[in-house]
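Heads up: the structure comes next, in structure tokens.
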Amino acid sequence: GSGQEIGNHSLEHLHAKDLSAAEEHRQVTGAKTNSEDLFGVPVQSFAYPFTEITPTLRAVVESQHLLGRGGNRSGFYMTPEMEPDWADIASQVALTKMKLEEYRKWINENQAKGSWTVLQFHGIEGDVTGWQPLSKQVFLPFLDELAGKQKDLWIAPFAEVGAYWRGQKILEK
């Protein structure tokens, strides 16, 4: 792959608690269909807006996506012996106030545990629509450090890693 992924984040980025079951279904299905039609590629993953999950929303995501990315909960470092919740994979949320050292700690802990961790960046400095944008002075050096670790880390889109790992779990069973 080219290292990029088109994922689903809903039609209108609304709070799940404010939606009816029918509207939750429309938000997921409509965005998936629109994205697949526009880009001509399958949409395999979903990122919950505001990391909010209701039982109905989860059921719709599970029925239409290989993976769902949740939010800033525990269990950020998923090791090979674990069986993750495929509809709610935890992610570490990047925040504007964080320093480069914090992201280094995340990667070092990930390497030490031999695990998978999902990093959630929702905006970069200059992006007027992004939430909690990272400064370029933090983000660019972080990307350079990751590039330097490509022999030791598998750096790939969420759905690519998740599909591989989920496939491995199926084979193990």
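The values are calculated or read from the model by the stated rules, or taken from the named source; none is laboratory data. From a predicted model like this one, the values you see are computed outputs, not experimental measurements. All Cβ positions, glycine included, derive from the backbone under ideal geometry; neighbour counts span all protein chains shown. Surface areas here come from the heavy atoms of the whole protein model, side chains and all, with no ligands, DNA or RNA. Shrake-Rupley method; radii C 1.70, N 1.55, O 1.52, S 1.80 Å.
One residue alone among E23, E101, E36, E81 is modelled with pLDDT of 95 or more and farther than 26 Å from T129 by Cβ, and that residue is E101.
For A90, the stated conditions do not hold, so it cannot be described as within 24 Å of V61 (Cα to Cα), surrounded by 14 or more Cβ atoms within 10 Å (Cβ to Cβ) and touching a Leu at 6+ places or on another chain (Cβ under 9 Å). In the range 69-80, the residues that are aromatic (F, W, Y) reach residues that are modelled with pLDDT of 90 or more and part of a loop (DSSP other than H, G, I, E, B) with C-beta atoms within less than 6 angstrom, at least six apart or across chains, in these pairs: F76/A90; F76/T117; Y77/S115; Y77/T117.
Does E83 meet the test of being loosely packed, with under 12 Cβ neighbours inside 10 Å, of a type outside the set (F, W, Y) and not in a helix (DSSP H, G or I)? Spelling it out, E83 is indeed loosely packed, with under 12 Cβ neighbours inside 10 Å, of a type outside the set (F, W, Y) and not in a helix (DSSP H, G or I). Are any residues in the range 127-148 modelled with pLDDT under 90 and either among the charged types (D, E, K, R) or in contact with a strand residue (DSSP E or B) (Cβ under 8 Å, 6 or more places away or on another chain) (or both), and if so, which ones? Once the filter is applied, which keeps residues that are modelled with pLDDT under 90 and either among the charged types (D, E, K, R) or in contact with a strand residue (DSSP E or B) (Cβ under 8 Å, 6 or more places away or on another chain) (or both), the range 127-148 yields D127, G130. Inside the range 84-110, residues that are acidic (D, E) and under 20 Å from G167 (Cα atoms) make up a count of 2.
Select from the range 127-137 the residues that are open to solvent by less than 70 Å² (accessible area, probe 1.4 Å) and out of contact with any Asp or Glu (no Cβ under 9 Å at 6 or more places or on another chain) and write down the one among them that is nearest to N108 (Cα to Cα). The selected residue is Q132.
The residue of the range 1-48 that is most open to solvent (accessible area, probe 1.4 Å), among those that are in a loop (DSSP other than H, G, I, E, B) and among the acidic types (D, E), is E12. Which residue is modelled with the lowest pLDDT, if the candidates are limited to the range 108-126 and must be among the small types (G, A, S) and surrounded by 14 or more Cβ atoms within 10 Å (Cβ to Cβ)? Taking the candidates together, the pick is G123. Annotation note: of K105, K169, the sole residue that is basic (K, R) and open to solvent by 70 Å² or more (accessible area, probe 1.4 Å) is K105.
Candidates are the residues of the range 54-74 that are within 14 Å of the chain's Cα centre (by Cα) and part of a loop (DSSP other than H, G, I, E, B); the one that is surrounded by the most Cβ atoms within 10 Å (Cβ to Cβ) is H65.
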